[in-house]
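Undergrad: Dropping a structure here in structure tokens format, bear with me for questions.
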Amino acid sequence: MKRIAIAARVSTNRQEKEATIESQIAELEFWASENDCVIVERYIDDGWSGEILARPELDRLRDDASKGIWESVVFVDRDRLARKLSLQELVIDELVEKDVEIIFLNEPLADNPEGRIMQQIKGVFAEYERAKIAERMRRGKIHNANEGKLVTGTPPYGYKYFPKTKTTVAKYEIYQPEAEIVRMIFKWVAEEGYSMRQVVKELFKRKIPPAKRISKRWVKSSVERLLNRQDYIGTSYYNKTVSVVPKHPQNVGKYKKIKKSSRRMKPKEDWIAIPVPPIINKELFKQAHLKLQENKIYNRRNKKYDYLLSGKVFCTSGHKRVGDSVNGHYYYRCAERIYKFPLPHKCDAEGVNAQILDGMVWYKLLTLLSKPQVVRPQVERWKEKQSKVVSRSQEEIERLNLALDKLREEEERHVKVYGAGFVTFEKLQDDLQDLKAKKEAIESQIKETGEKAPDDEVNLDRFDDICTDIFYTLKYAHASEKQRYARNLLVSIYVGERRSALVNGHIPLVTQAQNIQDVLIGRHSRFAECRQKHAF
Ligand SMILES: [Zn+2]
């Protein structure tokens, strides 16, 4: 009996007409039972675009290939491995090199060079066909939109979509129950001066659900989108945005399910206007937007309090607290409560008055710095711990360097495939881009680990002087500088029960006399932790 692994993939893109993940697995299992094979491992990428090679399960498969857990790996077809021929060939070569057998159920992999080349040529044509069809569809949509025909089947809130029939074109028709709510929202804003937050609250109070296909509840951004929709005054726009690979990805080095996950606005002259039945009149639309503009200016003027501890305050349960003004008072309020609004929240912690907390923390900071002898024992303890940290971070750096070597090997493999003429230069660049992101993530981790580790003995001789220097800097600090100093000295402030706060901070230590201002903003100064608890 042969030990095999099965691998399957589906994307989330509904346009790719493909079998479900279950039907793929069923087909593979059936084949295994018919061919006297036992499945010892499964690699299932559910919801991953075939344009991406960096998939968690495919990576695991490639890692396992040399471990001898299984002799063959079985896919339903080549597309399940990857969409692009070049990517398919890359993995196939790699697996063949590792001496494992690859089986595609729809067409066995040729076992001679001529056969392989024929399969590749067929693959090139299939890829070209697909690109041609996609382009034809795109042009068809633009053409239809230019003729004033609706292209997308997903109508905005307030409409129902009717696909074209033999005698009529596709159209949106007003769906009165939702249209009434659209009118109501615009009136709230235009006539009652509601903010978007108040609109969300009111909709929640009246138990009005949003369009189900979009989200489970109204949030500020969905109300904002609704208020900006020109569909409601009779014009739907097509071709407004284009999907792109994000320029500044938020999760560098992590797996991404789709490549072009970001949307960019197109220039207005590319937008194609399609007439649709209006729900409100232009006057109301204009009025609502004037009011929103007013609110914005008013809010900006009102946001005059500088939260001293901005970004540093937390609930004891770990939620971040953000500066928020309510009726002219300033608070640090739990972000979980604010963003869950108006849904019930898990955290019961109440807001704390920002002016009081700011004053207390600042006062406590000054008191501590004026008495270095209070902090000193903690600094001594911290110094002792440092020697242990050094050896631990060295181990970590070694481990990260190994991972980096592995990525470099993979890079070479890509270049080899390019050298053999299987892929174009553009494709090579594309592939290397993925690897580069991973490499950068690891490199920055190495740098961070290195920075965290103290590089030489800490000298505490000047500790008292440093405290005194900082004390005077803070004492005579201009109001506009206080926030920067607080940000550099304080790590976190946990606001707890019974009106108490746990303040964590650090004191920059330097071995030579230096301008204290530089010390405070320097990024590489060493930190000693000190903890103080006090009631306020
Ligand atoms: Zn909280």
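Undergrad: Considering the alpha-carbon set of region 65-156 alone, what are its Rg and its Dmax in angstrom?
TA: For region 65-156, the Cα radius of gyration and maximum Cα-Cα distance read 19.2, 60 Å.
Undergrad: Suppose we keep just the DSSP beta bridges with both residues in the chain; what percent of those would be antiparallel, to 5?
TA: 65 percent
Undergrad: Let me ask another. Can you send over the carbon and sulfur percentage of the accessible area for region 79-206, probe radius 1.4 Å, protein chains only?
TA: The C+S portion of the solvent-accessible surface of region 79-206 is 55 percent.
Undergrad: How many Å² of accessible area per residue for the chain, probe 1.4 Å?
TA: On a per-residue basis, 61 Å².
Undergrad: Two decimals, Cα atoms only, Kirkwood Rh: what is Rg/Rh over region 329-478?
TA: Computed over Cα atoms, the ratio is 1.20.
Undergrad: Under the rule that an exposed site lies in a DSSP loop and has at most 15 other Cβ atoms within 10 Å, name the longest stretch of the chain with no GluC sites (Glu not before Pro) of that kind, not counting the sites themselves.
TA: On the way: sites that count: Glu16, Glu51, Glu71, Glu147, Glu350, Glu457, Glu497.
Longest stretch, sites excluded: 148-349.
Undergrad: Taking θ = phi - 60°, what integer Hz values does the Karplus form 6.51 cos²θ - 1.76 cosθ + 1.60 yield along region 339-348, in sequence order, with x for Gly and Pro?
TA: 7, 6, 3, x, 6, x, 10, 7, 8, 9
Undergrad: Rounded to the nearest 500, what is the 222 nm mean residue ellipticity of the chain from helices alone, with -39500 (n - 2.57) per DSSP H run of 4+ residues and division by all residues? Write down the numbers at each step before the final one.
TA: Numbers: 16 runs with 260 residues, N = 536.
When only DSSP H runs of four or more count, the value is -16000 deg cm²/dmol.
Undergrad: Based solely on C-alpha atoms, express the radius of gyration and the Dmax of region 2-109 in angstrom.
TA: Reported Rg and Dmax, both Å: 12.8, 37.
Undergrad: While we're on this one: Can you work out ³J(HN,Hα) from phi for every residue in region 161-172, in order, using Karplus 6.51 cos²θ - 1.76 cosθ + 1.60 and θ = phi - 60°, giving whole Hz and x for Gly and Pro?
TA: These are the phi-based 3J(HN,Hα) values: 9, 10, x, 5, 10, 5, 10, 10, 8, 5, 8, 8 Hz.
Undergrad: Could you list which residues have their amide H under 5 Å from that of Thr241, counting only those 5 or more apart in sequence or on another chain, with H placed in the peptide plane?
TA: Counting only residues 5 or more places away or on other chains, the set is Lys266.
Undergrad: Let me know the whole percent of all Cα-Cα pairs from the chain that are separated by more than 30 Å.
TA: More than 30 Å apart: 69 percent of the Cα pairs in the chain.
Undergrad: Return the sequence-ordered ³J(HN,Hα) values of region 69-76 in whole Hz as given by the Karplus equation 6.51 cos²θ - 1.76 cosθ + 1.60 applied to θ = phi - 60°, using x for Gly and Pro.
TA: 3J(HN,Hα) across region 69-76, in whole Hz: 5, 9, 9, 9, 10, 10, 10, 5.
Undergrad: How long are the semi-axes of the equivalent ellipsoid of region 20-65, taking √(5λ) for every eigenvalue λ of the Cα gyration tensor, in whole Å from largest down?
TA: 22, 14, 7
Undergrad: For Ser480, Ser325, write out the residues from largest to smallest accessible area, computed with a 1.4 angstrom probe and no ligands counted.
TA: Ser480, Ser325
Undergrad: Considering amide H positions built from the backbone, and no H for Pro or chain starts, which residues 5 or more places from Ala501, or on another chain, come under 5 Å of its amide H?
TA: Gly496, His534, Phe536
Undergrad: Same structure again: Quick one: ranking Met137, Met360 by accessible area, 1.4 Å probe, largest first, what do you get? Walk me through the intermediate numbers first.
TA: Working: Met137 100, Met360 65 Å².
Greatest to least solvent exposure: Met137, Met360.
Undergrad: Mind putting together the pair-distance distribution for region 143-266? All Cα pairs, 10 Å bins, whole percent per bin, short to long.
TA: Taking all Cα pairs of region 143-266, the binned fractions are 10, 33, 31, 22, 4, 0 percent.
Undergrad: Given H placed on each backbone N at 1.01 Å, which residues far from Tyr330 in sequence or on other chains put an amide H within less than 5 Å of it?
TA: Ala354, Gln355
The values are calculated or read from the model by the stated rules, or taken from the named source; none is laboratory data. Values in this document were obtained by computation on a predicted structure and should not be read as measured data. Heads up, the Cβs are rebuilt from the backbone with ideal geometry, glycines too, and the neighbour counts pull from every protein chain shown. Accessible surface is based on the protein model in full, side chains and every heavy atom, while ligands, DNA and RNA are left aside. Shrake-Rupley method; radii C 1.70, N 1.55, O 1.52, S 1.80 Å.
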